[in-house]
Amino acid sequence: MTHDDHGTVLVAGGTGFVGRRLVPELIQAGRDVRVMTRHPDRYHGPGEAVRGDVEEAASLREAMVGCAATYYLVHSLSSEDFEARDAEAATAFGKAAAAAGVEQIIYLGGLGDDGDQLSAHLRSRREVETLLGEAGVPVTVLRAGIVVGHGGISWEITRQLVEHLPAMVTPRWVRTRTQPIAVADVVRYLVGVLGHPEAIGRTFEVGGSEVLAYVDMMKRVAAIEGRPLPVVQVPLLTPGLSSLWLAFVTDVDSRTGRNLVDSMVNEVVVRDDSIREVVPFTPMSYDEAVRVALEERREAR
């Protein structure tokens, strides 16, 4: 598959936070795009809706017929046995892609050092990377940390904590260093690696232009919104209590919150920036990403 090849592209998870932004950009880049959804009749966005469910292997092969590449933007963070479900789904997707003659699977995974005690959430993302390629289709992985954009879970938690708390009573994990990236920049990378000969079969780390402690991300959001945010550190908040606390002050359910809080103990920064050579551009600053996310939210209301 050459870089200017215009084969059909299937986006699994095309209705989600990243997917619904990716689809129009792929179309803009001249691609024929299929959006895989369990309810094609309810889809009114760009591209062609096709029925497919990662938990129904037979539906996948049909959705992929004639596709040169597929994006896999699916994960079940909010279900209890998300690890087992994600593993089965990734295995089935990889097999279907191989059977359909797909030449590249592109997956958006999570940053974090393999040497760390990775949280269940990040371990599951790693496992998916491997399982997607087991049937032989080369996988391009982009690993991102916190993606900043209206509707993204980590961003929503950040924004809601800043907006709902008179003072930031913080567990220890807010000292964790992160490298947040704007959702528009993640999409640029996802489009850029499609069919790119130097991206096939490789894993890349993607991040924005700054490394920030989580607590500093919150302070920046507070400053942009023009509200004071005194920080009081409570080191004894356990992950379990933290996730209940998140559920209490944000609208993120406690199971999803727990999965994310467990991940917050892992430092998520880019150690290898080789993606910059393959898809060269300068990612936007954190403050700019925050302003765009807040603006999108205003427009959506």
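The values are calculated or read from the model by the stated rules, or taken from the named source; none is laboratory data. Model, not experiment: these values are computed from the prediction. Positions of Cβ are generated from backbone atoms using ideal geometry, with glycine treated the same way; all protein chains shown enter the neighbour counts.
For region 38-64, how many residues meet the condition of being under 22 Å from Ala87 (Cβ atoms) and of a type in the set (Val, Ile, Thr)?
At the first step, the residues of region 38-64 found to be under 22 Å from Ala87 (Cβ atoms) are 38, 52-61, 63-64.
Cutting the leftovers down to of a type in the set (Val, Ile, Thr) gives us 54.
Residues that pass the stated criteria total 1.
Does at least one position in region 197-210 carry a residue that is of a type in the set (Lys, Arg), on the phi < 0 side of the Ramachandran plot, out of contact with any Cys (no Cβ under 6 Å at 6 or more places or on another chain) and surrounded by fewer than 19 Cβ atoms within 10 Å (Cβ to Cβ)? Reasoning before the result, please.
Residues of region 197-210 that are of a type in the set (Lys, Arg), as a first pass: 202.
If we keep only those that are on the phi < 0 side of the Ramachandran plot as well, we get 202.
Cutting the leftovers down to out of contact with any Cys (no Cβ under 6 Å at 6 or more places or on another chain) gives us 202.
Going one step further and asking which of them are surrounded by fewer than 19 Cβ atoms within 10 Å (Cβ to Cβ), we end up with 202.
Checked against the condition, which is being of a type in the set (Lys, Arg), on the phi < 0 side of the Ramachandran plot, out of contact with any Cys (no Cβ under 6 Å at 6 or more places or on another chain) and surrounded by fewer than 19 Cβ atoms within 10 Å (Cβ to Cβ), region 197-210 yields at least one hit.
Read through the list (1) assigned to a loop (DSSP other than H, G, I, E, B); (2) modelled with pLDDT under 90, then give the number of the only condition that His196 fails.
In the conditions (1) assigned to a loop (DSSP other than H, G, I, E, B); (2) modelled with pLDDT under 90, His196 misses (2) alone.
State which residue is nearest to Thr176 (Cα to Cα) when the search covers only region 124-153 and only residues that are surrounded by 20 or more Cβ atoms within 10 Å (Cβ to Cβ) and in contact with a Leu (Cβ under 7 Å, 6 or more places away or on another chain).
Out of the qualifying residues, it is Gly145.
Just to verify a result, which residue in region 261-293, among those that are in contact with a His (Cβ under 8 Å, 6 or more places away or on another chain) and of a type in the set (A, V, I, L, M), is nearest to Ala223 (Cα to Cα)?
So the first thing to find is which residues in region 261-293 are in contact with a His (Cβ under 8 Å, 6 or more places away or on another chain), and the list is 262-263, 278-279, 293.
Of the ones still in play, those that are also of a type in the set (A, V, I, L, M) are 278-279, 293.
Details: Val278: 35, Val279: 32, Ala293: 15 Å.
Of everything passing the filter in region 261-293, Ala293 is nearest to Ala223 (Cα to Cα).
Here is a list: Val147, Val128. Which entry is in contact with a helix residue (DSSP H, G or I) (Cβ under 7 Å, 6 or more places away or on another chain), at pLDDT below 95 and under 29 Å from Arg301 (Cβ atoms)? Full working, then the answer.
On the way: Val128 fails: under 29 Å from Arg301 (Cβ atoms).
It is Val147.
Kindly indicate which of Gly52, Gly7, Gly47, Gly14 is closer than 19 Å to Val193 by Cα, buried (at least 19 other Cβ atoms within 10 Å of the Cβ) and touching a strand residue (DSSP E or B) at 6+ places or on another chain (Cβ under 8 Å). Let's see the steps before the verdict.
Values: Gly52 fails: closer than 19 Å to Val193 by Cα; Gly7 fails: buried (at least 19 other Cβ atoms within 10 Å of the Cβ); Gly47 fails: closer than 19 Å to Val193 by Cα.
Criteria check complete, one pass: Gly14.
Taking region 225-283 as the search range and keeping residues that are touching a Ser or Thr at 6+ places or on another chain (Cβ under 8 Å) and surrounded by fewer than 11 Cβ atoms within 10 Å (Cβ to Cβ), which one is modelled with the highest pLDDT?
Filtering region 225-283 for residues that are touching a Ser or Thr at 6+ places or on another chain (Cβ under 8 Å) and surrounded by fewer than 11 Cβ atoms within 10 Å (Cβ to Cβ), the one modelled with the highest pLDDT comes out as Thr282.
Step by step: first the residues of region 150-193, then only those that are part of a loop (DSSP other than H, G, I, E, B) and at pLDDT 90 or above, then the one that is farthest from Pro228 (Cα to Cα). Which residue is that?
Of all residues in region 150-193, those part of a loop (DSSP other than H, G, I, E, B) come to 150-152, 165-167, 171, 176, 179-180, 193.
From what's left, at pLDDT 90 or above: 150, 179-180, 193.
On the way: His150: 22, Gln179: 23, Pro180: 22, Val193: 41 Å.
My answer is Val193.
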